[in-house]
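First up is the structure itself, then whatever we jot down about it.
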Amino acid sequence: MNNIIKRVKYNARRHSGNVGDRPGLVVVPEGALKPHIAIFSYNKDELITSEGKDIKVILSQLKKCDNHTHWIKINGLGDAELIEQIGEHLKINPLVLEDIANIHQRPKFDEYDDYAFSTSRIVRFNDDDELINHQFSAIIKDNIIISFEEDHNECFDAVKARLKAGKGAIRTAGPGYMCYALTDTIIDTYFILLAKIGDKLDAIEDKVYTDADKSIMFNSQQIKRTLIIIRRASWPERDKINDMIRSESPLITPEVKLFLRDAYDHCIQAMDLIENYKEVTSSIIDLYLSMVSNRMNEIMKVLTIISVIFIPLTFIAGIYGMNFAHQDDKGHILHNNIPELYWPNGYPFALALMFSIAVALVVVFWKKGWFNKL
């Protein structure tokens with residue numbers, strides 16, 4: 001519970017390129033990984049796969065499997081030449097290639113004459129419980145979909161398994177359906193992420209009632225930041241899916257649009273969960289601050305009771321502690337200067353008086369119920 005969630009890693013790398021660069025310039029991010037290419041060529045009857053690191057493997061597969069649909073999966077953006085070669089081969093607008101290399105894009109769906117471009121955000125926890133926010137891009141053209149991911153982590157094992165199984169529409173519905181399948185998988189990862197956040201919130205809430213400390217506020221604030229990042233990914237994702245549903249591109253067929261409506265509903269559900277968890281997080285922070293304030297009030301109440309008891313005792317001790325002269329120059333006793341000082345039992349009497357006052361105050365506070373509320 002000391003480290004419920006670590007700091008958010010929200011693409012700490014700066015935007016690629018320099019101020020004033022010409023539009024369409026492909027500048028790979030600093031520290032980007034070298035690309036790994038996996039190609040899945042499929043139709044109703046077969047699935048052919050191959051791997052490589054340059055465009056040669058792509059061109060070879062496209063030539064060999066001319067009656068297939070091709071999913072070209074590129075992990076790593078560390079090769080600007082590869083991105084430019086793909087753009088040149090498929091006649092892709094340089095502005096699209098720039099958006100692929102610029103990893104800070106918001107989810108969107110852009111239509112062009114004979115192809116479409118889609119981006120999403122892959123948000124997940126890594127093995128160190130840090131939040132990773134990476135960009136996913138896809139170009140859809142004819143019978144080809146080319147996807148670009150920032151790292152080498154595998155997020156689409158489920159889609160690969162469906163391709164290998166060959167069941168459903170994934171092998172027959174074209175690249176538009178593959179774009180839907182990848183988008184839907186990304187949205188499903190949001191639910192996994194939100195489930196983990198829900199468990200963390202439950203643990204924090206339990207700690208509020210059992211062993212509250214200031215780590216509750218820090219962890220809650222971290223989760224709130226995480227939710228804000230997921231929200232920034234899911235809200236434009238909803239708009240992107242809506243644009244795909246309304247698209248008139250032949251790449252997005254009516255059959256695919258039916259599935260996209262289901263993905264749209266999932267995105268709305270994720271957004272509702274995000275808003276609910278944000279409210280819970282704010283409520284936990286407010287509850288903790290209220291408990292701290294109440295605890296401070298209880299401490300001040302204890303100190304106030306102690307002070308009220310000792311104030312009259314201090315007053316009495318202060319009076320009889322005054323060092324006024326009790327004799328004049330001729331040795332005569334001055335009886336008006338605290339005559340009790342000369343009583344034979346003055347000291348026991350003063351102690352008895354202070355003890356009686358203290359007991360009386362304690363009894364009064366007890367009857368008022370102040371001690372029961374401490």
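The table below lists the values:
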{"item": "Condition met for residue 118 (touching a Cys at 6+ places or on another chain (Cβ under 9 Å) and among the small types (Gly, Ala, Ser))", "result": "yes"}
{"item": "Answer residue from the range 275-318, given it is small (Gly, Ala, Ser), without any contact (Cβ under 8 Å) to a residue 24 or more places away in the chain and open to solvent by 50 Å² or more (accessible area, probe 1.4 Å) and is nearest to residue 361 (Cα to Cα) among those", "result": "307"}
{"item": "Condition check for residue 245: closer than 19 Å to residue 276 by Cα and in contact with a helix residue (DSSP H, G or I) (Cβ under 6 Å, 6 or more places away or on another chain)", "result": "no"}
{"item": "Selection from the range 10-52 of residues that are at pLDDT 85 or above, open to solvent by 60 Å² or more (accessible area, probe 1.4 Å) and under 25 Å from residue 95 (Cα atoms)", "result": "33, 34, 36"}
{"item": "Which numbered condition residue 198 fails, given (1) part of a helix (DSSP H, G or I); (2) open to solvent by less than 20 Å² (accessible area, probe 1.4 Å); (3) touching a strand residue (DSSP E or B) at 6+ places or on another chain (Cβ under 9 Å)", "result": "(3)"}
{"item": "Filtered residues of the range 147-167 (kept if open to solvent by less than 10 Å² (accessible area, probe 1.4 Å) and either outside any strand (DSSP E or B) or not polar (S, T, N, Q) (or both))", "result": "148, 149, 156, 159, 163"}
{"item": "Count of the range 67-94 residues which are surrounded by fewer than 15 Cβ atoms within 10 Å (Cβ to Cβ) and either of a type in the set (S, T, N, Q) or not in a loop (DSSP other than H, G, I, E, B) (or both)", "result": "4"}
{"item": "Filter result for residue 251 (under 29 Å from residue 178 (Cα atoms), in contact with a helix residue (DSSP H, G or I) (Cβ under 7 Å, 6 or more places away or on another chain) and either in a helix (DSSP H, G or I) or modelled with pLDDT under 90 (or both))", "result": "no"}
{"item": "Qualifying residue in the range 128-146 (condition: outside any loop (DSSP other than H, G, I, E, B) and open to solvent by 60 Å² or more (accessible area, probe 1.4 Å))", "result": "no"}
{"item": "Residue within the range 192-207 that is farther than 30 Å from residue 26 by Cβ, at pLDDT below 90 and of a type in the set (Asp, Glu) present", "result": "yes"}
{"item": "Single match in 153, 133 (criterion: touching a Lys or Arg at 6+ places or on another chain (Cβ under 7 Å) and within 21 Å of residue 229 (Cβ to Cβ))", "result": "133"}
{"item": "Residues (among the small types (Gly, Ala, Ser) and under 18 Å from residue 176 (Cβ atoms)) located in the range 36-50", "result": "41"}
{"item": "Matching option when the condition is within 25 Å of the chain's Cα centre (by Cα) and over 21 Å from residue 208 (Cα atoms), among 268, 316, 285", "result": "268"}
{"item": "Residue under evaluation residue 258, criteria (1) assigned to a helix (DSSP H, G or I); (2) touching a strand residue (DSSP E or B) at 6+ places or on another chain (Cβ under 9 Å), criterion not met", "result": "(2)"}
{"item": "Residues (open to solvent by 50 Å² or more (accessible area, probe 1.4 Å), without any contact (Cβ under 8 Å) to a residue 40 or more places away in the chain and over 25 Å from the mean Cα position of the chain (by Cα)) located in the range 229-246", "result": "246"}
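Conditions (1) without any contact (Cβ under 8 Å) to a residue 12 or more places away in the chain; (2) under 20 Å from residue 32 (Cβ atoms), marked per residue:
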| site | (1), (2) |
| --- | --- |
| 48 | no, no |
| 56 | yes, no |
| 71 | no, no |
| 75 | no, yes |
| 92 | no, yes |
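The values are calculated or read from the model by the stated rules, or taken from the named source; none is laboratory data. Since the structure is predicted, the reported quantities are computational estimates derived from the model, not experimental observations. Cβ sites come from the backbone with ideal geometry, for glycine too, and all protein chains shown count toward neighbours. Protein only, heavy atoms only, side chains kept; ligands, DNA and RNA dropped before computing areas. Shrake-Rupley method; radii C 1.70, N 1.55, O 1.52, S 1.80 Å.
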